[in-house]
Amino acid sequence: MCARQQRTQDQEQRQNPHQSLDPAPEGKVSCRYNLRQSVPRNRGSRKAHPHCLRGLNMSYEQSYLYKLRHSAAHLMAQAVTELYPSAKLSIGPPIENGFYYDIDFESPLKEEDLEKIENKMRELSNLKEPIVCRPAKDKEEAKKVILDETTNGQGPENALYKLQLLEAIPDGDAVTFYEQRATDKQGKEHAFIDLCRGPHVENTSEIKNFKLLNLAGAYWRGDVKNKQLTRIYGTAFETKDELEAYLHNLEEAKKRDHRVLGRELGLFMFSPRVGTGLPLWLPKGATLRHVMTDFLQKEQVKRGYEPVVTPHIANIKLYEKSGHIQTYRDKMFPFMEDEEKETYILKPMNCPFHIEIYQSQLRSYRDLPVRYAEFGTVHRYEQSGEVTGILRARGFTQDDAHLFVTPEQLQDEFIGVVDLMQTVLAKLGLKDFRARVGTKDPGSDKYVGHDENWVAATKAIMDACDVMKLEYEVSPGDAAFYGPKLDLMIKDALGREWQMGTVQVDYNLPERFELEYIGEDSKPHRPIMIHRAPFGSLERMIALMTEQYAGAFPFWLAPVQVAVLPIADRHNESAQQLADRLRDSVYDTRALRVEVDDRRETLGKKIRENQRHKVPFMLVLGDRDIEAGTVGVRHRERGDLGAMPLADCLKMILEEPDTTSDPA
RNA sequence: GCCGAUGUAGCUCAGUGGUAGAGCAGCUGUUUCGUAAACAGCAGGUCACCAGUUCGAAUCUGGUCAUCGGCUCCA
């Protein structure tokens with residue numbers, strides 16, 4: 001587990017997820033390491049050391065490539081300052097698959113300006129500027145260097161961000177500058193000095209294979225309250241081939257984007273007449289959902305969960321009591337208000353409903369744990385810039401459940417949930433994920449409940465992870481407002497990381513709702529709640545799996561498992577009969593999902609299209625087969641397997657494994 | 001929400017001020033075919049929407065909306 005990624009870097013130096021597509025140049029940028037040894041993400045420490053980059057895999061951080069990219073960021077900054085002398089530089093770190101630099105421009109940069117900057121970079125690279133480290137005696141001297149030598153004659157205001165970075169460096173720590181300087185043929189001097197801990201390559205002529213990729217806005221120090229700077233993303237490699245391979249991979253990744261495949265495979269759609277972020281599930285996508293929820297449902301029944309079903313709207317008072325309104329008011333769809341009557345809201349969470357059901361009767365300690373599960377559709381008014389296909393939709397389905405447990409049961413129940421999640425992920429074939437324990441950020445006031453509850457809940461999560469030998473990383477500030485949580489994180493085709501499964505230990509909602517059970521001592525006690533969702537969002541999970549499998553879902557999940565292809569019209573009836581037999585599970589308890597492609601097209605075309613729709617098995621039926629009782633079998637990955645007796649073919653289909661190789 | 005980009009037929013995309021184009025998909029007809037695209041014809045667009053500039057706007061300007069890449073957020 002644990003993905004190829006850095007993760008504990010300073011917030012200002014967060015990787016660009018867009019850049020983190022695995023270019024896989026011999027695993028050079030691959031960075032696996034023990035999560036437990038990683039430095040926890042901590043906003044406080046990020047701010048204390050904004051100019052250092054930690055948490056990257058040591059081999060990458062120490063590699064030539066890492067230095068090269070860092071130097072490429074400097075070269076870009078030099079080009080920018082020559083072209084736009086009033087631009088104010090802030091930070092420009094290397095990241096997993098490249099580098100960026102955050103710059104405050106006087107007038108907005110256009111995408112076409114990138115080419116200009118690239119050309120200038122080439123010019124400077126050709127000057128073969130030596131890059132040298134210049135240590136400063138102390139911060140005082142460093143300040144002088146910044147003001148005297150890095151402002152392009154624009155005055156102290158130009159060094160605004162660099163001075164703030166300098167201030168954040170602890171007194172006594174080494175302060176260094178890197179300087180690159182050369183004179184061109186016309187005798188003009190080009191010089192660039194940047195506050196930087198390095199290290200760098202020795203000469204700008206080493207920076208040859210680079211490309212500026214895109215522009216983005218990025219808040220100074222990652223804080224919305226600060227000014228938004230312009231971030232220029234780029235990448236650099238040691239060789240031209242590696243650069244081209246990376247850019248090629250980027251293009252390939254776009255083809256497995258779930259939005260592209262979702263349309264091609266007929267899984268889901270969006271309509272402007274319905275609304276942003278509100279998916280419409282087409283028959284094949286709905287089938288996929290059914291297969292997945294059916295699987296989880298059965299797994300949950302085995303583990304003592306009970307199903308419940310709750311409405312899509314509720315009286316707002318329910319959510320005032322839970323605290324959701326106070327925290328998320330402006331991230332909900334507009335309230336349904338009526339002057340005379342009560343106000344209702346579209347539900348953004350299922351928990352208060354399940355709590356109501358728990359409270360509907362007096363509970364004994366003998367009844368606990370109570371485990372209520374529901375595939376609950378919720379609606380959240382996500383920010384317009386955040387909606388991303390079905391990865392982040394405004395209407396989605398949680399595979400939600402709430403466990404009401406005694407303190408003694410907490411650990412076992414939590415472990416049971418983690419076990420379920422691992423079972424689910426193994427079945428879905430998802431391996432490349434990481435675990436994150438989101439804890440309370442002491443500096444924030446968005447949390448409810450007493451500290452002792454938070455401490456107990458956090459300890460319960462970490463203890464359970466230890467028992468399960470699950471490696472995790474602690475991430476302060478990533479807790480839910482009512483409690484800490486364990487999240488499983490996974491990347492999409494473009495390398496962006498998403499939260500999927502989640503488990504939360506919650507002492508606070510039981511308190512707010514005054515939940516009770518009668519203990520052995522015949523006195524009332526307060527249960528603890530576990531919120532959990534192994535998929536997280538069914539929509540997001542389907543998006544991630546679509547990308548992971550490039551649309552070629554494992555056999556058990558494929559919306560269409562078998563396509564029967566009659567060669568000519570006269571074979572259509574036999575084809576239908578064969579399909580019906582497969583659907584009726586004549587041969588097995590497993591009813592197969594079968595389609596007959598009886599269009600008047602050539603066999604080649606039928607094969608091509610079913611192949612493009614990633615149908616696992618195609619059964620070709622012609623005169624010879626009907627005569628001999630055989631079918632021509634074609635497997636999605638293995639190709640034409642020739643004619644075989646029907647019985648053999650069925651045996652093969654039913655033995656098809658639940659996993660699949662990735663044909664993309 | 002913020003920064004940047006994009007919006008032409010169902011899909012992928014041409015079209016830089018003078019009567020809207022191609023391929024695929026679709027429809028109709030012919031073909032009845034053995035493992036990744038048969039042949040022919042037809043139809044399909046208020047060029048996202050609303051204003052403006054102009055004799056004339058897909059094309060220039062402004063606004064709105066949606067989508068895409070980031071930032072921030074994600075109960």
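The values are calculated or read from the model by the stated rules, or taken from the named source; none is laboratory data. Just so you know, these numbers come straight off a predicted model, no measurement behind them. Neighbour counts run over all protein chains shown; Cβ positions are idealised from the backbone, glycine included. Heads up: the accessible areas ignore ligands, DNA and RNA and are worked out on the full protein's heavy atoms, side chains in. Shrake-Rupley method; radii C 1.70, N 1.55, O 1.52, S 1.80 Å.
Enclosing the Cα atoms of region A:307-348 in their convex hull gives a volume equal to 84 cubic angstrom per residue.
Taking every alpha carbon pair in region A:260-547, what does the distance histogram look like in 5 angstrom bins from 0, in percent? With a bin width of 5 Å, the distribution comes to 1, 5, 12, 15, 19, 18, 14, 9, 4, 2, 1, 0, 0. Which residue, chosen from A:542, A:354, A:216, occupies the Cα position most advanced towards the positive end of the dipole of chain A, where the dipole is computed from +1 (Lys, Arg) and -1 (Asp, Glu) charges on Cβ about the Cα centre? Result: A:216. In chain A, the DSSP-assigned H stretches of four residues or longer account for a calculated mean residue ellipticity at 222 nm of -10000 deg cm²/dmol, using -39500 (n - 2.57) per stretch and the full residue count as denominator.
With label points built 7 Å along Cα→Cβ from the Cα atoms of residue A:608 and residue A:341, find their separation and express it in nm. For the pair residue A:608/residue A:341, the computed spacing is 5.7 nm.
Extension gain for residue A:496-residue A:330 works out to 57.2 nm (0.36 nm per residue, less the C-alpha to C-alpha distance).
When A:107, A:86 are compared by accessible surface with a 1.4 Å probe, the order from highest to lowest is A:107, A:86.
Counting only residues at least eight positions apart within a chain, or on another chain, the lysines with an alpha carbon under 20 Å from that of residue A:491 are A:28, A:254, A:255, A:427, A:431.
What is region A:443-494 by shape, rounded, prolate or oblate, if you read a ≥ b ≥ c off the alpha carbon gyration tensor as root eigenvalues and call it rounded for a/c under 1.5, prolate for a/b larger than b/c, and oblate otherwise? It is oblate, given that a/c is not under 1.5 and a/b is not larger than b/c.
Each principal axis of region A:562-654 carries a Cα extent, and these read 33, 28, 21 Å when sorted largest first.
Quantify, in whole percent, the carbon and sulfur part of the accessible surface of region A:376-501 (1.4 Å probe; protein heavy atoms only). Let's see the in-between values first.
Details: 2140 of 4420 Å².
Of all accessible area on region A:376-501, carbon and sulfur atoms account for 48 percent.
Given the Cα-Cα distance of residue A:569 and residue A:624 and 0.36 nm per residue of separation, how much length would full extension add, in nm?
Full extension of this stretch gives 18.3 nm more.
In this simple spin-label model, placing a label point 7 Å from the Cα along the Cα-to-Cβ direction at both residue A:137 and residue A:299 gives a separation of 6.5 nm.
Computed from point charges on the beta carbon alone (+1 for Lys and Arg, -1 for Asp and Glu), the dipole magnitude for region A:562-654 about its Cα centre is near 420 Debye. Just the protein heavy atoms count here, and of the accessible area of region A:211-324 at 1.4 Å, carbon and sulfur take up 55 percent.
When you count the other C-beta atoms within 10 angstrom of each residue and take the mean per peptide, A:433-445, A:523-535 line up highest first as A:523-535, A:433-445. Under a no-solvent Debye model with one identical scatterer per Cα of chain A, what's log10 I(q)/I(0) at q = 0.05, 0.08, 0.10 Å⁻¹? Those come out to -0.31, -0.74, -1.05, one per q. Applying 1/(1 + (r/R0)^6) with r as the Cβ-Cβ distance of residue A:647 and residue A:106 and R0 = 56 angstrom yields a FRET efficiency of 0.15.
Taking each residue as 0.36 nm, the span from residue A:446 to residue A:521 lengthens on full extension beyond its C-alpha to C-alpha distance by 23.4 nm. Applying the Karplus relation 6.51 cos²θ - 1.76 cosθ + 1.60 with θ = phi - 60° to region A:474-489 yields 3J(HN,Hα) values of 8, 10, x, x, 9, 6, 6, 5, 9, x, x, 8, 9, 10, 9, 10 Hz, where x marks Gly and Pro. Treating r as the C-beta distance of residue A:244 and residue A:459 and R0 as 56 Å, the FRET efficiency rounds to 0.65. Rounded to 0.05, the FRET efficiency of the residue A:225 and residue A:361 pair, given R0 = 60 Å and the Cβ-Cβ distance, is 0.80.
State the percentage of accessible surface on region A:562-654 attributable to carbon and sulfur atoms; use a 1.4 Å probe and exclude ligands, DNA and RNA. Taking all protein chains in place, region A:562-654 shows 47 percent carbon and sulfur surface.
Roughly how many debye, to the nearest 20, is the charge dipole of chain A about its Cα centre, given +1 on each Lys and Arg Cβ, -1 on each Asp and Glu Cβ, and no other charges?
About 560 debye.
Over the Cα atoms of region A:141-280, each weighted equally, I'd like the Debye log10 I(q)/I(0) at q = 0.21 Å⁻¹, rounded to two decimals. The Cα Debye sum returns log10 ratios of -1.39. With all protein chains kept in place, the per residue accessible area of chain A amounts to 45 square angstrom at a probe of 1.4 angstrom. Name the residue farthest towards the positive end of the dipole of chain A from the options A:316, A:105, A:275, assuming +1 on Cβ of Lys and Arg, -1 on Cβ of Asp and Glu, about the Cα centre. Among A:316, A:105, A:275, the one farthest towards the positive end of the dipole of chain A is A:105.
Could you put A:545, A:468 in order of accessible surface area, largest first, with the 1.4 Å probe and the full protein assembly present? Present the calculation step by step, with values, prior to reporting the outcome.
Numbers: A:545 0, A:468 45 Å².
Largest accessible area first, the list is A:468, A:545.
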